[in-house]
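Values in this text are rule-based calculations from the coordinates and carry no lab data. Note that the coordinates shown come from a computational prediction; the quantities given were computed from them, not determined experimentally. Cβ placement follows ideal geometry from the backbone for every residue including glycine, while neighbour counts extend to all protein chains displayed.
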Amino acid sequence: MSKFYSKFYNSQGWRDRAAVLAGIFVLCTVSIFPVLAQSNRDSQGTFQPSSVLDSPERSGGDIADTLAKRSEFKTLVSALDLAGLTDTLKQPDRPLTIFAPTNQAFQKNPVSAQLLQPQNKEKLARVLKYHTIASLVTPEDVDRGTIKTVEGSTVKISVTPEGVVINDKIKTVKPSIEASNGVIVRIDNLLLPPDFGNW
């Protein structure tokens, strides 16, 4: 038996087959590992509020252009123009998160009609800045429960069985949208700063 194994292991044919198998293993390793690594990086990407329930949509344009191309944000686009904030959402140097009220969200809130009057554009600008985060929202932000807005006040972020809720009552509308310079998160009502008061 020992002579048989000695003859087998020393044979040129066995060494050739071993070399082929080793080559296949190396090729598979080189091909598969980068794919697995990329998949792992993708799965550990920046948290997006509505991606708790759904994967985000993707847009090739910046936030301002993406909003302008979607009819559901027509009122928001007009508000941003009136408040002089459109260019802020075009800047590529710093990623943003914007909680974007849909047309229906503006219609739902009685404050909207007054905010959209030209004489109230400073108040409108403040409200819109309260909808904007000067970064991408991370899992750590969600764990902490609050995050500071461009306006200066904080918003509360809660994850519930039904989805992500802002300030205990404003619901996110899935899915979110990835733009080239940040993330757009649809919401179903306006966010008002804590000390905004009554009209």
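Taking 7 Å steps out from each Cα toward its Cβ at residue 188 and residue 158 produces label points 1.4 nm apart. Cross-link partners of residue 123 among aspartates and glutamates, defined as those whose alpha carbon lies under 13 angstrom from its own and excluding same-chain residues fewer than eight positions apart: 151, 195. Label-to-label distance, residue 90 versus residue 58, with points set 7 angstrom from Cα along the beta-carbon direction: 2.5 nm.
Applying a DSSP loop filter and a limit of 14 other Cβ atoms within 10 Å to the GluC sites (Glu not before Pro) in segment 132-197 leaves 162.
If you count, for each residue, the other Cβ atoms within 10 Å and average over each peptide, how do 94-104, 58-68 line up from highest to lowest?
Values: 94-104: 20.8, 58-68: 18.1.
So the order, starting with the most tightly packed, is 94-104, 58-68.
When the pairs 129/169; 129/171; 74/108; 69/148; 90/169 are compared against a 26 Å limit on Cα-Cα distance, 69/148; 90/169 fall above it.
Show me the ranking of peptides 179-186, 111-118 by mean Cβ neighbours inside 10 Å, starting with the highest. Intermediate results must be reported in sequence, preceding the final value.
Working: 179-186: 22.8, 111-118: 14.4.
Final packing ranking: 179-186, 111-118.
Counted over segment 78-199, the DSSP beta bridges are approximately 75% antiparallel.
Over all distinct Cα-Cα pairs of segment 49-187, the Kirkwood formula returns a hydrodynamic radius of 15.0 Å.
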